[in-house]
Each structure stands twice: as C-alpha cells, then as structure tokens.
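Structure first, commentary second.
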Amino acid sequence: MSLAHCIPLLAALAAAAPLPAALPDSLPLQLIARDTLGSGNGGRTAAVEPSGVAADAFGRIYVTDAALHRLERFDAQGRWLGESGALGSAPGQLHRPAGVVPYGTLGVAVLDRENLRVVSYDLYGRLLGVAVDLADAALTDRTGRVDPVALSSDRGGALFIADAERDRILAFDFSGRLVRELGGYGARAGSFRGLAGVASAPRGELVTAERVGARVQRLDAGGRVAAAWPLDVKPGRGRLPVAVDDSARVAVADEATGRLWVFDPAGRTLAWLSGLGGPRALAFAPDGTLLVAEAAAGRVRRFTLVPAAARGE
C-alpha cells in the first residue's frame, strides 16, 4: 500500500481509537498557575470577556475583549500598558473581537468577528488598517459566506482563518490576498467536522481541532495530514483553542468543559488540567509559559509546564 493511501487510513484509525476513561497521574508534565495578567495593577483585570491572547517576540501580551470591544496590551510581566478600540464598525472600532495573533515582526492582527474583517495594529496599539475584508464582494464571490471562528498566523505574515460555515481554513498572504482553501466538511483526513480551532506550528504546519469530529490534526505546509489523534470533546457550542510552541508541543482547550490538554507532536498526552473558566484562547509566550484566556471567568492566567516529579516540591 502506498504512503498516500496509508495516511488517510492511519488518521481514520486514530480518530476511532477510544480515549482512556481517566488520564493517569504519571503524565510527564503538570500545569502550574503562575499569575493573572493585570492583577498587580490596582485590581485591574485583563478583560471582562477575554476572547483572544497572543505574545510577541519581546514577551508583550495582547488580549482582545469581546464584551468591551477592545484590544489590551500588557508587558512581559503582565502589567497593563494600554488599550485600543471601541464598539462600532468605523476604522479603529471593533465588534466582539476574537483571536489576536502576531502579524509580521512589528504588529498584531485581530479577528474583528462581527465586522467580518481582520485588522492590524502596531506594537503600541495604533491602528494600521484592514488586513483582510471578509465582506469584500470580490472575496465573497470566491468564498461565499464565511463564519470566522479562529485566527492564526505564521512567521512570514500569512493569516489563516477557520471558517465554521464550511469547515475549511482560508489562507491569506501578507497583502491580504486569498491564496488557498484547505479542508471542507468530511470525516476523511484533511477534512473537518465542527472546525473550532487552528494554530500555526513550526516549519509551516497547521494544527486544527474539531468538535464534531472530536480530533486534532497536524497538517504539513501542503495541507497533507502529518498526524491525527482523538480529542475527548462532545458536539455542541464553544471554541477549541489551539496553541503550538517552538518544540511543536500542542495545547488544546475545551471552552465548554473547562479542560486543557498538552500533547507532544505525535499526540501523546503530556499534561492536562480541568476546572478552567471557559478557556477561549491559548498562546505560548517566548519563555515557554502558556497563556489561557478564560472568557467565563474574565481573566487571563499564565501557566508553567514543569516536570511531574516537581509536584511535591
């Protein structure tokens, strides 16, 4: 059997494999809460409904607030620096912003979800412009209706939008030009059912999470499935945010149940955590810590991954 025939078969077997009833206590890593962003600034919290979180190469942290329709900035220690945006659709305004990601080397991009656009800011929160207009007639003639639920970017400035309407990923170059579509509805490898999260990985890979398909897929730069594994989630509402660090470890959270997993690149569970308050966004910071935006709890917390042997220390 050729490799091309083996990959879909292996992915299907992985998706059908049952998860253990309970994860063992002997996982190699554990997640330890370190701090909450903004907690040392006169009681100021990161957001009322944090829906996106990102860290730039300098460790500065960016958080979108879906309830207050704004982008907030923090330094690497979690101290509040400033904010941008207000409710509306005019330039500089936002309407229930969702994901935020690094954009190039000197900015960030925000998924302005209800306005159907991606807008960019510099590192000081100044508006640069619209990077992608999902309501543009020339684009919608090609794509049809789009329901953007997650945003990712790579180091070259490409943007990837997860579209829940048609279970696909729309890939745009740095100029905002649509360059390709990945996926589509289906159970086979490389397709999606209930696409609810996407993140960029090293070497041009993408990692996706599906709620109905209940799986994680790692796609190579050509859109082919490099690995797939089951995810213990149920159909329904809520995001499945994804983050990938420089060593290709994958973090996935379930907003509906408040659970979080960290996997190695092959899908083996390294650590897990429960009891989070509606985790809607994840991001790894340059120092290796994991940022978790908990929309239901109105906070962004930072977690450290440490060896399980340090549990009692």
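Each reported figure results from applying straightforward, stated rules to the coordinates on display, with no laboratory input. Only a predicted model underlies this, so the values are computations on that prediction, with no experimental measurement involved. A quick note on method: Cβ atoms are made from the backbone with ideal geometry, for glycine too, and the neighbour counts reach across all protein chains shown.
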Considering only the range 147-188, state which residues are within 18 Å of the chain's Cα centre (by Cα), part of a loop (DSSP other than H, G, I, E, B), within 22 Å of Glu114 (Cβ to Cβ) and of a type outside the set (Gly, Ala, Ser).
Asp147, Glu165, Asp167
Any strands (runs of 3 or more DSSP E) falling wholly within the range 258-313 and containing at least 2 residues that are surrounded by 18 or more Cβ atoms within 10 Å (Cβ to Cβ), touching a strand residue (DSSP E or B) at 6+ places or on another chain (Cβ under 6 Å) and charged (D, E, K, R):
299-307
Could you grab me the full set of residues in the range 189-216 that are under 16 Å from the mean Cα position of the chain (by Cα) and either among the β-branched types (Val, Ile, Thr) or not in a strand (DSSP E or B) (or both)?
Gly194, Val198, Ala201, Pro202, Gly204, Glu205, Val207, Thr208, Arg211, Val216
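Residues are listed down the side, and each one gets a yes or a no for (1) closer than 25 Å to Gly238 by Cβ; (2) out of contact with any strand residue (DSSP E or B) (no Cβ under 9 Å at 6 or more places or on another chain):
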| position | (1), (2) |
| --- | --- |
| Gly92 | no, no |
| Val101 | yes, no |
| Gly107 | no, no |
| Leu111 | yes, no |
| Arg126 | no, no |
| Ala138 | no, yes |
| Arg142 | no, no |
Would the range 234-243 turn up any residue that is over 14 Å from the mean Cα position of the chain (by Cα), farther than 19 Å from Glu165 by Cβ and not in a loop (DSSP other than H, G, I, E, B)?
no
Give the range 120-146 a look and list any residue that's part of a strand (DSSP E or B) and surrounded by 15 or more Cβ atoms within 10 Å (Cβ to Cβ), or say none.
Ser120, Tyr121, Leu127, Leu128, Val130, Ala131, Val132, Asp133
Test Val101 against the criterion of being touching a residue at least 12 places away in the same chain (Cβ under 8 Å) and in contact with a Gly (Cβ under 9 Å, 6 or more places away or on another chain), and give yes or no.
yes
